[in-house]
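A.B. asks: Would you mind keeping the following structure in view while I ask a few things?
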Amino acid sequence: MLLSWYFSRKALPYWAVMIVDCLIVVLSMLVAHVINGAKLNTENILPLTFALCAYMVCFLIGFLCFHTYRGVLRYSSFTDLVHIAYAMACGSVLVMLLRHLFNSDRYLAAISGFDLLVGSLIATILMWLMRMFVKVMYDMHTTSGTQTGILIFGTKEGGIGLAKSIRNMSASSYHLEGFITNMPDMMGHTLMNVPVLSATDTEKLWKFIHHHKIKAVFISPLVQDFFVNECQKMISRFIDNGIKILMTSPELEWDGKSNISHMSLREVNVEDLMPREKIEVDMKAIGKMLMGKRILITGAAGSIGSEMVRQVAKFNPAELILIDQAETPMHDIRLMISQKYPNVKAYTIVGSICNESHMEGLFKTFKPEYVFHAAAYKHVPMMEDNPAIAVQNNIYGTRVIADLAVKYGTQKFVMISTDKAVNPTNVMGCSKRICEIYCQSLNSHQKTTQFVTTRFGNVLGSNGSVIPIFKEQILRGGPVTVTHKDIIRYFMLISEACKLVLEAGTMGEGGEIFVFDMGEPVRIADMAQRMIDLMGAKDVKIVYTGLRDGEKLYEEILNDNEQTIPTEHPKIMIAKVREYAYEDALKNEKELYELSFGYDDMAIVKKMKEIVPEYKSRHSKYEELD
């Protein structure tokens, strides 16, 4: 009952902790006095009391200097114990200084130097024991069947930081049962009074998990890449047994030194568990290029564009000019910048890249030094049904921004393209290939602006991608629809893709089409099944609906006739592609743009196929044109 009453309170008041510590010091001094052979009687009670009061003032100064009374006893840490030792040492030094100044005072001499030394040592130990006792009792009191037993994967700073965070949190819903490690020197040891289990001894590990009824595994930020890339069998077994996996978001860049809290962890998404190599970029070179510059980003409210905004804002540009025609997402971008990057001067502009007069006004006003062009309609089925809009937005809009960049002296223009531009089988992919052709030809036609193109595959979790669609279908109870059992795609984290875009923009000298190493392709059906398992859904089936219009079974990064040239970055290559004369590229674009206003789908796509001969339609009404 007494424990329940005490632990139901937030904490003892400061003065109560200080009084208890003072009583411990007084009691310890008396014990040391008796140990030294002295007797307590009426003759020495007055000088003894005077000495204790004088000494207590010195120790109180030590307590005040090191704030020993401010700690919550039930959450005492090693740091708190060190502060107690410092405070007692400080008090002892002050007492000795006092005795030296008043060495003739018989009252101060009532407590000898031996009494002071032994008493201080006893008091320090007693204060340590009191705090440790309260902490242990609190841990025992709060440990109940309602807490979730967990393991932490990782034993270095990250894992220990998570463990401390759990143990120091009031009314934590987790109880640490042990650590998992892949480090041979740590296996079989005890850490923070719990066992360290081997990641390779699966039989012993799973016996422990079942015996202790483990319900969740926390992954230290320091070993997340190892866990994802090397422990796929373990991950599958965790998922199959309903054990939750929690880790930090891949976008969270932990410095390895600051405190890491288990509150920063979240349950994993399917994209977190895809094997991938860590991507390193030259942040100094990027910062040197962007710092203090005027930077324009089109499509700034989209998945890629908004991440580009976040990445670029870190480098303190002079101005950010952000363009998108989606009002509400642009408002979200405005709020994000004001909260996270208040020192960055940003202009959020709602408008279409196809509005030439509006865009020219912006270029004339801001004269951007760098342009990152991310605006485009990207959904394959939508553009397959609306080729005129693909031409007017993707192709003409790109020409508007590219021409204005040259006219107003932009130093570098980085266009974001797609792997669907390689051997295109759909209108969207072909529209992006025509954009590539125009930008590359314009680069060689003038000397003002360097035009750089970047190609990559799908980004995980982007708006309208398969992952949010699958999630919604699973929440509805299924079925999860996959177009084909063998369809595969390349995936990359949005943050990683944008870092590579910035890196390519830094190294590009104009005219290059950079392609990224997207790693291993992912089978979409496998991704869907893992999502079903992760979300704990029962009886949710996968249904195959057939390939959509213009859809490939697999995406390519390079044309069959193309070759790549390596760069300094192992993940970035330069594609050697067929180059077009600027006059031909411009003439083709103008003819296609004029044709688009007739809204004759067949005529428009026929012209696109003439411009891009490798464009062969699949599962589409346009196949008859091939």
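The values are calculated or read from the model by the stated rules, or taken from the named source; none is laboratory data. Small disclaimer: the values here were computed from a predicted structure and weren't measured. Positions of Cβ are backbone-derived with ideal geometry, glycine not excepted, and every protein chain shown enters the neighbour counts.
A.B. asks: Determine whether the range 13-33 contains at least one residue that is at pLDDT below 70 and either of a type in the set (Gly, Ala, Ser) or more than 16 Å from residue 113 (Cα to Cα) (or both).
C.D. replies: For the range 13-33, residues at pLDDT below 70 and either of a type in the set (Gly, Ala, Ser) or more than 16 Å from residue 113 (Cα to Cα) (or both): present.
A.B. asks: Any residue in the range 246-255 that is outside any loop (DSSP other than H, G, I, E, B), at pLDDT 85 or above and either crowded, with 16+ Cβ neighbours inside 10 Å or within 20 Å of the chain's Cα centre (by Cα) (or both)?
C.D. replies: yes
A.B. asks: Provide a single number: the residues in the range 352-407 that are of a type in the set (Phe, Trp, Tyr) and more than 18 Å from residue 308 (Cβ to Cβ).
C.D. replies: Total meeting the criteria: 2.
A.B. asks: Need the failing condition index for residue 307 against (1) touching a residue at least 60 places away in the same chain (Cβ under 8 Å); (2) in contact with an Asp or Glu (Cβ under 6 Å, 6 or more places away or on another chain), just the number.
C.D. replies: Against the list (1) touching a residue at least 60 places away in the same chain (Cβ under 8 Å); (2) in contact with an Asp or Glu (Cβ under 6 Å, 6 or more places away or on another chain), residue 307 comes up short only on (2).
A.B. asks: Something else about it: Identify all residues within the range 175-222 that are in a strand (DSSP E or B) and closer than 14 Å to residue 238 by Cα; write none if there are none.
C.D. replies: 180, 214, 215, 216, 217, 218, 219
A.B. asks: A further question on this structure: Does residue 470 fit the bill of being more than 21 Å from residue 372 (Cβ to Cβ), in contact (Cβ under 8 Å) with a residue 60 or more places away in the chain and among the aromatic types (Phe, Trp, Tyr)?
C.D. replies: For residue 470, the condition - more than 21 Å from residue 372 (Cβ to Cβ), in contact (Cβ under 8 Å) with a residue 60 or more places away in the chain and among the aromatic types (Phe, Trp, Tyr) - is met.
A.B. asks: Being more than 48 Å from the chain's Cα centre (by Cα), at pLDDT 75 or above and more than 20 Å from residue 27 (Cβ to Cβ): is that true of residue 117 here?
C.D. replies: No.
A.B. asks: Could you tell me whether residue 497 is under 30 Å from residue 446 (Cβ atoms), outside the structural domain of residue 215 (by TED's automatic domain parsing) and within 24 Å of the chain's Cα centre (by Cα)?
C.D. replies: Yes: the conditions hold for residue 497.
A.B. asks: Look at residue 585 and say whether it is under 42 Å from the mean Cα position of the chain (by Cα) and within 18 Å of residue 438 (Cα to Cα).
C.D. replies: Here the answer is yes, as residue 585 does meet what is asked.
A.B. asks: How do the pairs read when you match residues in the range 587-611 that are surrounded by 15 or more Cβ atoms within 10 Å (Cβ to Cβ) with residues anywhere that are assigned to a helix (DSSP H, G or I) and acidic (Asp, Glu), using Cβ under 7 Å and keeping only pairs 6 or more apart or on different chains?
C.D. replies: 607/591
A.B. asks: May I pose another question? What is the residue count in the range 67-106 for residues that are at pLDDT below 80, under 16 Å from residue 20 (Cβ atoms) and in a helix (DSSP H, G or I)?
C.D. replies: Count: 4.
A.B. asks: Go through (1) assigned to a helix (DSSP H, G or I); (2) at pLDDT 85 or above one by one and return the number of the condition residue 225 breaks.
C.D. replies: Condition not satisfied by residue 225: (2).
A.B. asks: Could you check how many residues of the range 37-56 are at pLDDT 75 or above and surrounded by fewer than 16 Cβ atoms within 10 Å (Cβ to Cβ)?
C.D. replies: The total comes to 2.
A.B. asks: How about the range 454-513: which of its residues are surrounded by fewer than 21 Cβ atoms within 10 Å (Cβ to Cβ), hydrophobic (A, V, I, L, M, F, W, C) and in a loop (DSSP other than H, G, I, E, B)?
C.D. replies: Of everything in the range 454-513, those that are surrounded by fewer than 21 Cβ atoms within 10 Å (Cβ to Cβ), hydrophobic (A, V, I, L, M, F, W, C) and in a loop (DSSP other than H, G, I, E, B) turn out to be 487, 493.
A.B. asks: For residues in the range 120-143 being among the hydroxyl-bearing types (Ser, Thr, Tyr) and assigned to a helix (DSSP H, G or I), which is modelled with the lowest pLDDT?
C.D. replies: 142
A.B. asks: If residue 369 meets every condition in (1) crowded, with 17+ Cβ neighbours inside 10 Å; (2) more than 19 Å from residue 415 (Cβ to Cβ) apart from one, which number is that one?
C.D. replies: Evaluating residue 369 over (1) crowded, with 17+ Cβ neighbours inside 10 Å; (2) more than 19 Å from residue 415 (Cβ to Cβ) leaves (2) as the failure.
A.B. asks: A follow-up question, please. Is it the case, given these coordinates, that residue 329 is of a type outside the set (A, V, I, L, M, F, W, C) and either in contact with a Ser or Thr (Cβ under 9 Å, 6 or more places away or on another chain) or surrounded by fewer than 17 Cβ atoms within 10 Å (Cβ to Cβ) (or both)?
C.D. replies: yes
A.B. asks: Looking at 476, 489, which is the one that is at pLDDT below 90, in contact with a strand residue (DSSP E or B) (Cβ under 7 Å, 6 or more places away or on another chain) and among the basic types (Lys, Arg)?
C.D. replies: Result of the check over 476, 489: 489.
A.B. asks: Under 7 Å between Cβ atoms, which residue pairs at least 6 apart in sequence (or on different chains) link something in the range 223-238 that is under 18 Å from residue 158 (Cα atoms) with a partner that is surrounded by fewer than 14 Cβ atoms within 10 Å (Cβ to Cβ)?
C.D. replies: From the range 223-238, the pairs are 225/278.
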